[in-house]
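K.L.:
Please read through the structure below; I'll follow up with questions.
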Amino acid sequence: MGKQLKVGTVEVGGRVWIAPMTGVSDLPFRRLASRLGAPYVATEMVASDEFAKGRPDVVRRAAVGEGLPLMVVQLVGRDPATMAQGARLAVRAGAQIIDLNFGCPAREVIGVACGSALMREPELAEAIVGAVVEAAEVPVTVKMRLGWDEASLNAPELAARCQDQGAQAITVHGRTRSQFYRGAADWRAVAAVKSAVRVPVIVNGDIVDGATARQALDQSGADGVMIGRGVYGRPWIAAEIEAALSGLAFAAPDVETRLALVQAHLDDSLEFYGERLGLRIFRKHLAAYIENTPWPMQAEARRAARGRICRLEDPSQVKLELIALWRDPETRLAA
């Protein structure tokens, strides 16, 4: 367990958090990452209005599961009353923290004026936080960007508004919405948010290892870091980075352990979703695991192996191909 962070009344057992990511942070992934030492792994963002209607796919996305060290549900939406109702349902389902999405840059989210579009409507964002804080019996946190664009870097102001409404922590991705994921995350800009609030601030964006985590913390003054795309294919990365920040040794999973992790993740996905959907949803993880195989491999061969295995429709065949790829040098070279 790493250095703890307190979010309202909840103790988070480390300062390296894993971001909510659509198509990635489902329950099978969260179970695996938690087992490998991640103290905080949020759900994929859940549309509060669809959640309130009880749509099966949305409820499944928010499934908090059993045995996780912390249950965090992230909600997205723009109607305070609906967000409040979504929060009530999430708490009833077991959520221990409700996170509000004011940062997603995706066009389909912006198109309905949610996510980072709310940074252009600070009064509405503030009203959403107030409504959810009043409705939820657990700490409420907010994830945002630096602003909509370079001309409106209003994260410090919005963070202060959220804190005034009862938000207990703020995560800031060091880019504007207009940047999407282009360019480099500006960790120094997050320092202005840290200065504007008293609650914990988490810095996010381009953090992939211990060195980048330390730089991000030093430049931002933040209390913790959040890992997004850096976790792809490396579900143990939170523990690895926490160890680096604490000056402790860390042994990354060896070849056989990694193979066992991939297989266990696939099995959990198949059990959770059913065979056909489970394999389809697992493919994003499968591609990342192949990209991060623990041996030198030519880029062309890696791409070929990824393409071939990710097209398979039979989970048993996927497992056989993974075993061959992992254990047989000839297969790896032939790929």
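No value in this document is a laboratory result; all are computed from the given coordinates. Predicted model, so just to flag it, every value in this text is computed and none were measured. Positions of Cβ are backbone-derived with ideal geometry, glycine not excepted, and every protein chain shown enters the neighbour counts.
K.L.:
Report the antiparallel proportion of the DSSP beta bridges in the chain as a percent, rounded to a multiple of 5. Don't jump to the answer; show the numbers that get you there.
P.N.:
On the way: 3 of 31 bridges.
If I count the DSSP bridges inside the chain, around 10 percent turn out antiparallel.
K.L.:
So, one more: Using the Cα centre of the stretch 110-176 as the reference point, and only Cβ charges (+1 on K/R, -1 on D/E), how large is the resulting charge dipole? Debye, rounded to the nearest 20.
P.N.:
On the way: 5 positive and 9 negative charges, 57 e Å.
Using only the charged Cβ atoms, the result is roughly 280 debye.
K.L.:
How large is log10 I(q)/I(0) at q = 0.17, 0.21 Å⁻¹ when the Debye formula is applied to the Cα atoms of the stretch 137-252, each weighted equally and without solvent?
P.N.:
-0.81, -1.12
K.L.:
Okay, helix-only estimate at 222 nm for the chain: each DSSP H run of n ≥ 4 adds -39500 (n - 2.57), divide by all residues, round to 500 deg cm²/dmol; what do you get? All intermediate terms of the calculation are to be shown ahead of the outcome.
P.N.:
Values: 15 runs with 157 residues, N = 335.
Result for the chain: -14000 deg cm²/dmol, rounded to the nearest 500.
K.L.:
When Asp209, Asp254 are ordered from fewest to most other Cβ atoms inside 10 Å of their Cβ, what list results? Write out the running numbers ahead of the final one.
P.N.:
On the way: Asp209 14, Asp254 10.
With the sparsest Cβ surroundings first, the list reads Asp254, Asp209.
K.L.:
Also, quick follow-up: Tell me, Ile97, Ile202 in order of fewest to most beta-carbon neighbours within 10 Å? Kindly include the intermediate steps, with their values, before the conclusion.
P.N.:
Values: Ile97 24, Ile202 28.
Least to most surrounded, the residues fall as Ile97, Ile202.
K.L.:
Where does the Debye-calculated log10 I(q)/I(0) of the stretch 5-246 sit at q = 0.18 Å⁻¹, using only Cα point scatterers of equal weight, no solvent?
P.N.:
Each listed q maps to, in turn, -1.45.
K.L.:
While we're here: Where the centroid of each part is defined by its Cα atoms, how far is the stretch 200-247 from the stretch 164-190 in Å?
P.N.:
Distance between centres, Cα-based: 14 Å.
K.L.:
Along the Cα-to-Cβ line of Ala249, 7 Å from the Cα, sits a label point; which residues in the stretch 1-45 have backbone N less than 18 Å from it?
P.N.:
Taking a point 7 Å out along Cα→Cβ of Ala249, the residues of the stretch 1-45 whose backbone N falls under 18 Å are 1.
K.L.:
Can I ask one more? Please report Thr9, Thr176 as a ranked list, fewest other C-beta atoms within 10 angstrom at the top and most at the bottom.
P.N.:
On the way: Thr9 9, Thr176 23.
Listing Thr9, Thr176 from fewest to most nearby Cβ atoms yields Thr9, Thr176.
K.L.:
In debye, nearest 20: dipole of the chain around its Cα centre with unit charges on the Cβ of K, R (+) and D, E (-)?
P.N.:
Once rounded to the nearest 20, the dipole reads 360 debye.
K.L.:
Right, another one. State which entries of Lys143/Lys284; Lys3/Lys319; Lys194/Lys284; Lys6/Lys319; Lys3/Lys53 exceed 30 angstrom in Cα-Cα distance in the structure shown. Let's see the in-between values first.
P.N.:
Details: Lys143/Lys284 24 Å; Lys3/Lys319 37 Å; Lys194/Lys284 34 Å; Lys6/Lys319 41 Å; Lys3/Lys53 39 Å.
Table pairs above 30 Å Cα-Cα are Lys3/Lys319; Lys194/Lys284; Lys6/Lys319; Lys3/Lys53.
K.L.:
Oh, and also: Give the Cα extents of the stretch 14-155 along the principal axes, in whole Å, largest first.
P.N.:
Principal extents (largest minus smallest coordinate, Cα): 42, 30, 26 Å.
K.L.:
Once all Cα-Cα distances of the stretch 255-334 are split into 5 Å bins that start at 0, what whole-number percent is in each one?
P.N.:
In order of increasing distance, the bins hold 3, 16, 30, 27, 15, 7, 2 percent.
K.L.:
Answer with one residue from Val7, Ala93, Ala125: the one whose Cα lies farthest towards the positive end of the charge dipole of the chain, charges on Cβ with Lys, Arg +1 and Asp, Glu -1.
P.N.:
Ala125
K.L.:
Take the stretch 208-305, compute every pairwise Cα distance, and split them into 5 Å bins from 0; I just need the percent in each bin.
P.N.:
Result, from short to long distances: 2, 11, 18, 19, 18, 14, 10, 6, 1, 0 percent.
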